[in-house]
């Protein structure tokens with residue numbers, strides 16, 4: 001059983017490193033000649049894709065599948081499922 005995540009962990013802690021990783025991948029694509037990007041993410045990935053897109057001007061679109069919009073509620077829900 002996975003431990004419950006404390007409230008707020010999704011937007012703090014290691015998430016800046018994850019967004020930076022997305023930025024590095026986007027920069028690598030741009031270096032190959034790609035002019036516009038579309039970020040796609042599922043759950044936490046959707047939230048991270050949104051955060052990364054907010055920092056760029058070359059993102060033409062977002063495809064977000066069930067993004068986490070309320071970290072506290074998500075953590076409470078996961079904790080209930082894992083108890």
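Expressed in whole Å with the largest first, what are the equivalent ellipsoid semi-axes of the stretch 21-83 derived from the C-alpha gyration tensor as the square root of 5 times each eigenvalue?
The answer is 29, 10, 9 Å, longest axis first.
Using the per-residue mean of other Cβ atoms lying within 10 Å as a proxy for protection, in what order, highest first, do the peptides 47-53, 66-72, 37-43 fall?
Top to bottom by mean Cβ count within 10 Å: 47-53, 37-43, 66-72.
Quick note: the coordinates plus some simple rules give every number you see, no bench work behind them. Keep in mind that this is a model prediction, so the values were computed, not measured. Neighbour counts are summed over all protein chains in view; Cβ atoms, including those assigned to glycine, are modelled from backbone coordinates with ideal geometry.
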